[in-house]
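S.K.: Structure below; questions to follow.
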Amino acid sequence: MHLVIEDGVREKFEICVGIAEIRGVRQQGSDEISKEIVEVATEIKSRYRIDAVKEIRTIRMQRDFFWRMGIDPTKVRPASEALLRRILLNKGLPRVSPIVDAYNLASVKTLLTFSAFDLERIAPPLSVRFSREGEAVTLIGNRRKELTGKEIVLGDSEKILCVYVHGDVEETKVTDATKNVLLVAYGIPGMSKDELKEGVIAASNYIKRFAGGEVVMAEVYE
C-alpha cells in the first residue's frame, strides 16, 4: 500500500499520514478489552482535568489545525478530544466492535485520530488531496455530504474514503465480515513523523491484541 499527499495539501498544512495493514483479524468481543477500557479510563482520569483538556499539547495542535481548515473546534471537536472528554465526564468510550474499540483506545492514549477501513474494499494507491467542488459522499450513518472543494479528503484510486473532520464513508467501513484492515493515523501540522509512527504502531498493536491478525506493514508518508 502506498500513499501520496498531494502538493497543494502538503504546501498549505505540512502534514504526515500514517497507515498500517492488519490481516487476518476476527470480530469477537472479549473480557480483556473491557478490562483494558476500564484501566485506560482510570489512567486518563488521573492524568487530565476536564477544564484543562484544550491546553494539552496535541489537542491544542489538533484545534489549531481545525481553525486553519475553517472548522470551529469548539463546535466540532477533534475525535481524540471528544473521546477524552467522554471519559473525563464519566460517559465511557463508545463500544462498536473489537477493531473500532481498539483504535479508540489508542486514540485516547496517543491523542491522535484514526480511521479503519475494510482493506478488500480499497483500490490503491491512496492519496490525500483537496476535494473537488460537486463531489458527494455518504458518510457512516448514511449521512450524505456535498463537498465544496475546500475539504481535505483521503481517497483511493476510485473514491473518497474519509473527509477530514467530518468522518469516514459508509462503503468502506469495517464490518463484522472484515478480515483485513487498513488503519490510518492522521498527522497534524507540527507533529513529527516519528511521533505519528509511534501512534500507528500503538493502534496496530491494540488491534492485533484485541482483534487478532498480523501487522504486515506500518509506514508514515509526508
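Quick note: the coordinates plus some simple rules give every number you see, no bench work behind them. Remember, it's a predicted structure, so these values are computed and weren't measured experimentally. Heads up, the Cβs are rebuilt from the backbone with ideal geometry, glycines too, and the neighbour counts pull from every protein chain shown.
S.K.: Starting from the Cα of residue 14, step 7 Å along the direction of its Cβ; do the same at residue 148; then give the gap between the two resulting points in nm.
M.R.: In this crude spin-label approximation the distance works out to 2.6 nm.
S.K.: Sequence gap at least 6, Cα distance under 8 Å: using those rules, report the relative contact order of the stretch 3-221 to the nearest whole percent. Mind dumping the intermediate values first?
M.R.: On the way: 410 pairs, mean separation 82.1, N = 219.
Over the stretch 3-221, the number comes to 38 percent.
S.K.: Additional query: Taking a cut-off of 24 Å, what percent of all Cα-Cα pairs in the stretch 49-178 are separated by more than that?
M.R.: Result for the distance tail: 33 percent.
S.K.: Taking loop as defined by DSSP and a crowding limit of 12 other beta carbons within 10 Å, which GluC sites (Glu not before Pro) in the stretch 53-143 fit? If you can, show how the numbers build up before the last one.
M.R.: Numbers: sites: 55, 81, 120, 133, 135; in loops: 133, 135.
Qualifying residues, ordered by number: 133.
S.K.: Given labels modelled 7 Å from the Cα in the Cβ direction, how far is it in nm from residue 120 to residue 216?
M.R.: Computed distance between label sites residue 120 and residue 216 equals 1.3 nm.
S.K.: Hey, another quick one. Need the list of aspartates and glutamates near residue 12 for cross-linking: C-alpha distance under 18 angstrom, and skip anything on the same chain fewer than eight residues off.
M.R.: 64, 151, 222
S.K.: Expressed as a fraction of 2.2 N^0.38 Å, the rule-of-thumb size for a compact globular protein of N residues, what is the C-alpha radius of gyration of the chain? Show your work: numbers first, answer last.
M.R.: Working: Rg = 16.5 Å, N = 222, 2.2 N^0.38 = 17.1 Å.
Normalised by 2.2 N^0.38 Å, the Cα Rg of the chain equals 0.96.
S.K.: Which of the residue pairs 54/91; 35/91; 45/109; 35/109; 54/208; 173/208 have a Cα-Cα distance greater than 22 Å in the structure shown?
M.R.: Violating the 22 Å limit, Cα to Cα: 54/208.
S.K.: I would also like to ask the following. Grab the Cα-Cα distance for residue 64 and residue 176, subtract it from 0.36 nm times how many residues apart they are, and report the gain in nm with one decimal.
M.R.: Details: separation 112, 0.36 × 112 = 40.32 nm, distance 3.56 nm.
Net length gain for the segment: 36.8 nm.
S.K.: Distance between Cα centroids, the stretch 65-124 to the stretch 164-188: provide it in whole Å.
M.R.: Cα centroid of the stretch 65-124 versus Cα centroid of the stretch 164-188: 11 Å apart.
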